[in-house]
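Chemist: This is the structure I have questions about; it appears just below.
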Amino acid sequence: MHLLPFFAVSAVVIVTPGVDMALVTKNALLHGRAAAQATAIGVNVGILFWTLAAAVGLAAVIAASAPAFTAIKLAGAVYLVVLGLQALRGAHRAERETARIQRTLGRRAALRQGLTSNLLNPKIAVFFTSLLPQFVDAGTATAAELLLLGVLFNAMGVIWLLTYATLAARGRTVLARPRVRRAVDRVSGVVLIGLGMRIAFERR
């Protein structure tokens, strides 16, 4: 295995903003550190699933099957759009009702959001089946080696997202004003809808 180049490439991939970071940011600013960290854990549980799937070959099957890829992609896009619409709807509610809604997102719900968002992203399947084999010796790669690389990638992701969630949650203090909170709802809603639309129309 070629670990040094793997760590370098993985670090770049992990810190690059995307759907996962957008969701963690939203929950950090609107619901606090606990919800953000739970979202981050949910995301990485999803990555662990894709790691196991890549090791046994399931991810390769999904990546090669156009119907399966499209079905998962569209489901993920719809899920992100729904989350975005919910955020936009919250921005238009009364201040008291909005505050009540903000408190309803517990750790379990936040974890489910992160997990569902990641599992419904077929790009992760393509990513793992194309990235991991690049760092093992051709012709001699084993499922155990691919699994080890996936676990290392997942560990790096956990450390990064949990750290990022904690730092992002500190910015929550600026949300004391309902007007600012509604603005964050609007922005995060538009971003999530935009990401969902991009996934829906994006080719492999």
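Throughout, read-outs are computed from the coordinates displayed, never taken from laboratory work. Quick caveat: nothing in here was measured; it's all calculated off a predicted structure. Backbone-built Cβ (ideal geometry, glycine too); neighbour counts: all protein chains shown.
Chemist: How much FRET efficiency would the formula 1/(1 + (r/R0)^6) give for Arg186 and Arg112, where r is the Cβ-Cβ distance and R0 is 22 Å, rounded to 0.05?
Modeler: About 0.40, to the nearest 0.05.
Chemist: I would also like to ask the following. Suppose the chain between Ala11 and Val82 were pulled fully straight at 0.36 nm per residue; how much longer would it get relative to their current alpha carbon spacing?
Modeler: 22.5 nm
Chemist: Find how much the distance from Val45 to Arg89 grows on full extension, using 0.36 nm per residue of separation minus their present alpha carbon separation; answer in nm with one decimal.
Modeler: This chain segment gains 13.0 nm when fully extended.
Chemist: At R0 = 22 Å, how high is the FRET efficiency between His2 and Val151 if r is their beta carbon distance? Nearest 0.05 is fine.
Modeler: Calculated transfer efficiency: 0.85.
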